[in-house]
Amino acid sequence: MRQETKILMAAFLAVLVAVVLAFFAMQTPKRPPQQNQKTTMQVWQVTLCYPDLKASKLVKLSLSIGATSMERVVSELFERLKSPDSPDLSPAVPAKAKLLSVRREGDILILDVSDEFTRPEFWQGSDVAHLRLQSLVHTLTSLPNVRAVRILVNGQVPEALGGHEELSEPVEPDPTL
C-alpha cells in the first residue's frame, strides 16, 4: 500500500502541476506599456487667427490638425501664421522667425523663438503690433488648457514688440478682439 500511496501522490502532483500550467497558459499576456506614447496620432481642433489690419480685427478660422503632440501642433500653427491663404489678411508671425522650443508650465504655453521674431518693421505701430501679437495668442490659447502665452527670444525676455507690446509677462487673449 505504501507504493500505491506514492504513485497516487505522484499522479496528484502531476495533475496539479498540469492544471497550474494550463491556467497560466490560458491567461492573456499583458502588454508592456508603450514606450513612446507620443506616436499616437490625435486630431486637434483649433482656431487659427489672422490679423485683418485694414479692418483692425482678427479673422478666426476653425481648423483640424492631426499631430502626435501639442508641440507639433504649435509648430504647425506657428508656420501657418506666417502666411495666410487670403490676400486680405496679414501674417501674425514674421516669415523668417523660427520656433526654437515649446513647453508648458501649467496653463501657460512658453514659446522660445529666434530673434527674427522681433524685427521692428514687422511690429510697426501700436495697432499693428497688438493685432499681430493677439493673433498668435488667440490661436495658441485655442489649444486645450492653455490660458496664456509667454514669448522668449533665444531664451530671454525681449523688448516690447514695436515698442508697444510688453512681453515681460505671459500674454492673455484680448477679449475685445
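The values are calculated or read from the model by the stated rules, or taken from the named source; none is laboratory data. Keep in mind the model is a prediction, meaning the values are calculated, not measured. Because the Cβ atoms are built from the backbone with ideal geometry, glycine has one as well, and the counts that use them run over all protein chains shown.
Observations on the model:
- Some residue of the stretch 102-124 being at pLDDT 90 or above, polar (S, T, N, Q) and touching a Cys at 6+ places or on another chain (Cβ under 7 Å): no
- Taking strands (runs of 3 or more DSSP E) as the structural unit, those lying wholly within the stretch 56-160 and holding at least 1 residues that are crowded, with 20+ Cβ neighbours inside 10 Å and among the aliphatic types (A, V, I, L, M) correspond to 57-67, 108-113, 148-153.
- Flag if R80 is under 17 Å from L133 (Cα atoms) and modelled with pLDDT of 85 or more: yes
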